[in-house]
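A short worksheet on the structure shown next.
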Amino acid sequence: MDRAQLADFLRTRREATQPEDVGLPRGPRRRTRGLRREEVAALCGMSTDYYARIEQQRGPVPSEAMLAALARGLHLSLDERDHLFRTAGHNTPSRTLPTEHISPGMLRILDRLDDTPAQVLNALGETLVQTRPAVALVGDETRFTGLARSVAYRWFTDPRARRIYPEADHPAHGRIFSSELRAVYSRQGARSRAGEIVDALLERSEEFAALWSAHEIGLRHEADAKRIQHPDLGLLELHCQVLYDADQAQVLLVYTATPGTESHEKLRLLSVLGDRQPHA
């Protein structure tokens, strides 16, 4: 670990990052160049003291999880992220299947959707980050660990994963999740994480095994429409706008509703619900 280089790199990136780059208000009395230390700490989910000690060349060697949080909070590019890991004395994460690092461009878009249900997922359907309205709409999907991080795995192994959709829509969702998983499996191969999920589901779910044997691929929701059953707001008929980041194999999913409809008014109420997790 090169403490001096690590501290200098983080300081320069912090000073070069503007509040509006990360979705923060600038405010009329800001004198700090770029971000304040406490702002970086909040963005990265760590204490201000912990972050300050890194910039002051003190404290322990940051873990890989902390470095990943710093890379995400400061909106680092892949090259910058790799430099951060090497400077801190860690091996760089693999780029062959970049499923965790979110591109700066994707994060900038997400930062401007703080009043809209939106989330970034990787190819395996693992939610990497959500806006607060998205948590209020579908629950905190970033809390899962292991194979359960994959929405397809949860769908076929955990009945709670189906509560947010009307029962009549369950067969279609099952076919789509199986189809999407097969597309990733065909790209990554049997020895990939997708292969691990498939093997586990074939062992645990007869429903999945039947769908998998049908070899369906390329299925999509009709007109990107999706119905969500919320415990407080009732049924919402939504559109799922999708932005793909081909280099990162990730997708930005934004939930919208037709203006003037009952579902549109219900979406506006999500900000009142705050960080409630309706589908635990």
If a residue counts only when it is within 29 Å of residue 25 (Cα to Cα) and at pLDDT below 95, which helices (runs of 4 or more DSSP H) contained entirely in the stretch 94-165 have at least 2 such residues? 104-111, 132-138
Residues that are among the hydrophobic types (A, V, I, L, M, F, W, C), at pLDDT 90 or above and farther than 23 Å from residue 144 by Cα, drawn from the stretch 235-266: 235, 236, 238, 257
Exactly one condition in (1) at pLDDT below 85; (2) part of a helix (DSSP H, G or I) is false for residue 168; which is it? (1)
Could you tell me which residue of the stretch 66-87 is surrounded by the fewest Cβ atoms within 10 Å (Cβ to Cβ), considering only residues that are within 15 Å of the chain's Cα centre (by Cα) and without any contact (Cβ under 8 Å) to a residue 40 or more places away in the chain? 69
When the stretch 220-231 is checked residue by residue, the ones that are at pLDDT below 90 and charged (D, E, K, R) are 220, 222, 224, 226
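The values are calculated or read from the model by the stated rules, or taken from the named source; none is laboratory data. Everything numeric in this text was worked out from a predicted model, so none of it was measured. Positions of Cβ are generated from backbone atoms using ideal geometry, with glycine treated the same way; all protein chains shown enter the neighbour counts.
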